[in-house]
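Q: What follows is a single structure, and I will ask about it in a moment.
The values are calculated or read from the model by the stated rules, or taken from the named source; none is laboratory data. Predicted model only: the values in this text are computed from it and were never measured. Note that each Cβ is placed from the backbone with ideal geometry, even for glycine, and that neighbours are counted across all protein chains shown.
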Amino acid sequence: MVFKTIITNVEALRMSKRKCSNCGERQYKDSMTIINILAFCNVDCATSYAFKNKQKGADKIHKKKKRELKSNDKAFREKQAQAAFNKFIRLRDDSLPCISCGRHHGGQYHAGHYKSRGASPELRFEEINCHKQCSPCNLHLSGNIINYRANLINKIGIDKVEWLEGPHEIIKYTCEDLKAIELKYKQKIKELENDKNS
């Protein structure tokens with residue numbers, strides 16, 4: 001009687017169905033290809049599964065290498081830091097008019113540098129050197145610099161404007177510096193957005 005029960009249980013196990021680890025189809029266990037703890041419809045499914053997982057592994061390695069490359073890519077880090085800084089400036093000055101023409105309009109606004117990034121790269125992340133500026137002033141009027149200066153004096157004072165115009169020590173940013181700047185301004189953006197929403 002015990003022997004008959006064991007045979008019945010073995011038969012039941014053989015006749016039970018299991019899901020294929022590759023295609024998801026349910027098959028009787030005794031007709032499946034079992035590898036370690038995984039079950040497959042057939043050898044083709046097992047091969048397909050192995051190839052897909054090999055590809056997933058390769059993709060993970062590729063993504064990791066890409067992240068490492070980006071971390072050590074100065075041009076990329078500079079671009080990311082500048083984007084975060086510029087977004088902070090636009091958000092900080094959101095309610096203010098264009099620093100150059102003094103207008104509020106429905107057009108696009110930029111983070112316009114008083115001393116340009118090309119001429120004074122050491123001031124590219126200096127907050128008092130960068131203010132909300134409309135696209136026409138920034139792009140078509142080369143910063144509309146005469147009006148920019150007059151309005152900047154009203155905003156921050158002549159002493160700070162003259163400091164901006166004075167000589168500055170050249171700053172050579174490392175990738176780590178640029179990443180820190182990006183994170184700093186992302187945090188400042190978050191704080192400003194939270195303040196606006198509260």
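Q: Going by the conditions given, is residue 130 in contact with a strand residue (DSSP E or B) (Cβ under 6 Å, 6 or more places away or on another chain) and either under 23 Å from residue 185 (Cβ atoms) or touching a residue at least 12 places away in the same chain (Cβ under 8 Å) (or both)? Steps first, answer last, please.
A: Working: in contact with a strand residue (DSSP E or B) (Cβ under 6 Å, 6 or more places away or on another chain): yes; either under 23 Å from residue 185 (Cβ atoms) or touching a residue at least 12 places away in the same chain (Cβ under 8 Å) (or both): yes.
Answer is yes for this residue.
Q: Working carefully through the options 172, 188, 179, find the one that is without any contact (Cβ under 8 Å) to a residue 40 or more places away in the chain and either of a type in the set (A, V, I, L, M) or over 18 Å from residue 112 (Cβ atoms) (or both). Give the derivation first.
A: Working: 188 fails: without any contact (Cβ under 8 Å) to a residue 40 or more places away in the chain; 179 fails: without any contact (Cβ under 8 Å) to a residue 40 or more places away in the chain.
Matching residue, one of 172, 188, 179: 172.
Q: Which one is nearest to residue 93 (Cα to Cα) among residues in the range 144-189 that are among the small types (Gly, Ala, Ser) and in a loop (DSSP other than H, G, I, E, B)?
A: As a first pass, look at the range 144-189 and keep what is among the small types (Gly, Ala, Ser): 150, 157, 166, 180.
Checking which are in a loop (DSSP other than H, G, I, E, B) leaves us with 157, 166.
Working: 157: 17, 166: 25 Å.
Ranking the qualifying residues of the range 144-189, first place goes to 157.
Q: So, of the residues in the range 82-130 that are of a type in the set (Ser, Thr, Tyr) and part of a loop (DSSP other than H, G, I, E, B), which turns out to be surrounded by the fewest Cβ atoms within 10 Å (Cβ to Cβ)? Talk me through it step by step, then tell me what you get.
A: Within the range 82-130, the first condition is being of a type in the set (Ser, Thr, Tyr), and the residues that meet it are 95, 100, 109, 114, 116, 120.
Now restrict to residues that are part of a loop (DSSP other than H, G, I, E, B): 95, 100, 114, 116, 120.
On the way: 95: 8, 100: 26, 114: 24, 116: 15, 120: 18.
Filtering the range 82-130 for residues that are of a type in the set (Ser, Thr, Tyr) and part of a loop (DSSP other than H, G, I, E, B), the one surrounded by the fewest Cβ atoms within 10 Å (Cβ to Cβ) comes out as 95.
Q: Can you report the number of residues in the range 122-143 which are modelled with pLDDT under 95 and closer than 21 Å to residue 158 by Cβ?
A: Within the range 122-143, residues that are modelled with pLDDT under 95 and closer than 21 Å to residue 158 by Cβ number 1.
Residue-wise test of (1) loosely packed, with under 15 Cβ neighbours inside 10 Å; (2) more than 18 Å from residue 98 (Cβ to Cβ).
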| residue | (1), (2) |
| --- | --- |
| 143 | no, no |
| 159 | yes, yes |
| 178 | no, yes |
| 181 | no, yes |
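Q: A further question follows. For the range 100-121, what are the residues that are at pLDDT 95 or above and in contact with a Lys or Arg (Cβ under 6 Å, 6 or more places away or on another chain)?
A: 109, 111 - these are the residues of the range 100-121 that are at pLDDT 95 or above and in contact with a Lys or Arg (Cβ under 6 Å, 6 or more places away or on another chain).
Q: Can you spot a residue in the range 61-72 that is surrounded by 12 or more Cβ atoms within 10 Å (Cβ to Cβ) and modelled with pLDDT under 85?
A: There is at least one residue in the range 61-72 that is surrounded by 12 or more Cβ atoms within 10 Å (Cβ to Cβ) and modelled with pLDDT under 85.
Q: Test residue 52 against the criterion of being surrounded by fewer than 12 Cβ atoms within 10 Å (Cβ to Cβ), modelled with pLDDT of 75 or more and part of a helix (DSSP H, G or I), and give yes or no. Explain how you work it out, then say what you get.
A: Numbers: surrounded by fewer than 12 Cβ atoms within 10 Å (Cβ to Cβ): yes; modelled with pLDDT of 75 or more: yes; part of a helix (DSSP H, G or I): yes.
Here the answer is yes, as residue 52 does meet what is asked.
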